[in-house]
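What follows draws every value from the coordinates through simple rules; no lab data is involved. Everything numeric in this text was worked out from a predicted model, so none of it was measured. Ideal geometry is used to build each Cβ from the backbone, glycine not excepted, and the neighbour counts take in all protein chains shown.
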Amino acid sequence: MIVFNITAPDTGIACALQQKIDALAKPQGSLGVLEALAMQIGLVQQTLSPSLRKPVNIIFAADHGIADEGVSQSPKEVTRQMIAAFLSGGAGVCFLARQHGFQLKVVDAGIACDFPPDTRIIHRKIRKGTRNFLHEPAMTIREMEQALQYGAEVVTECYRNGSNIISLGEMGIANTAASSMWMTCLAGVPLAGCVGAGCGLDGEGVRRKQQVLQAALDKYKGDRSVLNVMRYFGGYEMVMAVGGMLRAAELKMLILVDGFIMTNCVLAASKLYPEVLSCCIYGHCGGEAGHKKLLEILHAAPLLHLGLRLGEGSGAICAYPIVASAVRMINEMHSFSKASVTKYF
């Protein structure tokens, strides 16, 4: 089992950071969330002059056996089809990545098809989709360990190429179903409060989805430990994202958190290493049922409320300019003395 060395930021620099923020030519606290972000980023990076370098959005993609139970509006082949959209630059996340200067990486974590070796994806396929967790665990212990390792390796490569901030996205039909199971088991929220429309189920479809998931939960005989829940109900792309988050926190990288699925990955990661939370910046509160409650459980303050539920890292990238503004504030704004402005508070 891969082990991470994640420590909480040293708060010894906090006083100096606050003094620098308070000395900027503005009333104290008047830039609100930007000031809180500047403090968080300065603590993670252990500097009074934080920076953002080479942002990357990593999309982990895989198929889910539970999709065979009709818990999604879309068939499994959409996962494969979306890979082509990512690689052609035409998917929703692609224009956002171009707009905000993100490199886009796509990882085959377990898609139910074969891609030619020269396809411009990162080949980390564990299996052609997870097993159907209505009847058996989604993955073996070995597969879960391998997924954690692969996710960590992809983030390590980003770090070696100079990145210090990542957003993580996902693609996998039925992964909101898997995420709902993680939420109910790891956060203790009744299943009904965790299940939503996913990529477009109507009311009857949501009821059907909940019935299937409740049946799976009733059959589950595990101990509800985080690793057991991850293995039994998770997707390969979700477990890889957990591994990526943990490695990013180990390397003191900033983690931009996307929507419902990635927030569940943060939940799982934090159950293993609570210190990972210090590196997390929550991009948005999305439209998927359960996301708002999950953010509250994590005591997270999302930057945006746009009703997004696309996934792919889209909401995290949308929030990036706010993070960049916080860094520009602390680095570029003049102090009262430099600006020759009398303190007016």
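Per-residue packing, averaged as other Cβ atoms within 10 Å, sorts the ranges 249-255, 210-216 into the order 249-255, 210-216, beginning with the highest. Entry note, region 23-117: relative contact order of 36 percent, from Cα contacts under 8 Å with a spacing of 6+ residues. When Ile13, Ile122, Ile261 are sorted by how many other C-beta atoms sit within 10 angstrom of their C-beta, beginning with the fewest, the order is Ile13, Ile122, Ile261. With the charge dipole of the chain set up from +1 on Lys and Arg Cβ and -1 on Asp and Glu Cβ about the Cα centre, the Cα lying farthest toward the positive end among the listed residues Ser49, Val3, Ala38 is that of Ser49. Summarising the overall dimensions of the chain from its C-alpha atoms, the Rg and Dmax are 20.4, 70 angstrom.
Taking Lys and Arg as +1 and Asp and Glu as -1, the other residues whose beta-carbon sits under 15 Å from that of Asn164 total +3.
With the contact rule set at Cα under 8 Å and sequence spacing of 6 or more, what percent relative contact order holds for region 84-143?
Values: 49 pairs, mean separation 14.1, N = 60.
For region 84-143, the relative contact order is 24 percent.
How many percent of DSSP beta bridges within the chain run antiparallel, rounded to 5? Display every interim value, and only then the final one.
Values: 1 of 23 bridges.
That works out to approximately 5 percent antiparallel.
Annotation: peptides 2-9, 334-341, ranked by per-residue average of other Cβ atoms within 10 Å with the highest first, follow the order 2-9, 334-341.
Over the chain, what is the relative contact order in whole percent, taking alpha-carbon pairs under 8 Å and six or more residues apart? Intermediate values should be presented prior to the final figure.
On the way: 683 pairs, mean separation 88.7, N = 345.
For the chain, the relative contact order is 26 percent.
Taken about its Cα centre, region 56-322 carries a charge dipole of about 140 debye when Lys and Arg each add +1 at the Cβ and Asp and Glu each add -1 at the Cβ. Within the listed set Pro27, Pro137, Pro75, the Gaussian network model of the chain (springs between alpha-carbon atoms below 10 Å) gives the highest mean-square fluctuation for Pro27. Shape analysis of region 151-190 places it in the prolate category; the axes a ≥ b ≥ c from the Cα gyration tensor give an a/c of at least 1.5, with a/b above b/c. A Gaussian network model of the chain, with springs between Cα atoms under 10 Å, assigns the largest mean-square fluctuation among Ala289, Ala197, Ala84 to Ala84. The helix-only estimate of mean residue ellipticity at 222 nm for the chain, built from DSSP H runs of length n ≥ 4 each weighted as -39500 (n - 2.57), is -14500 deg cm²/dmol after division by the residue total.
The distance linking region 236-252 with region 1-68 is 16 Å (Cα centroid to Cα centroid, whole angstrom). Taking a straight line from the alpha carbon of Lys20, these lysines sit under 26 Å away, with near neighbours fewer than eight places off in the same chain left out: Lys54, Lys252, Lys338, Lys343.
Highest-first packing order for the peptide set 228-236, 270-278 is 228-236, 270-278, based on the mean count of other beta carbon atoms within 10 Å.
Take the Cβ atoms of His100 and Gln214, set R0 to 41 Å, and the FRET efficiency comes out at 0.55.
When a footprinting reagent is the concern and you count Cβ atoms within 10 Å, what order do Cys318, Cys199, Cys94, Cys15 take, fewest first? Could the numbers behind the result be given before it?
On the way: Cys318 22, Cys199 16, Cys94 19, Cys15 9.
By the 10 Å Cβ count, ascending, the order reads Cys15, Cys199, Cys94, Cys318.
Looking at the calculated P(r) for region 88-187, what percent of the C-alpha pair distances fall above 16 Å? Cα-Cα pairs of region 88-187 separated by over 16 Å account for 67 percent.
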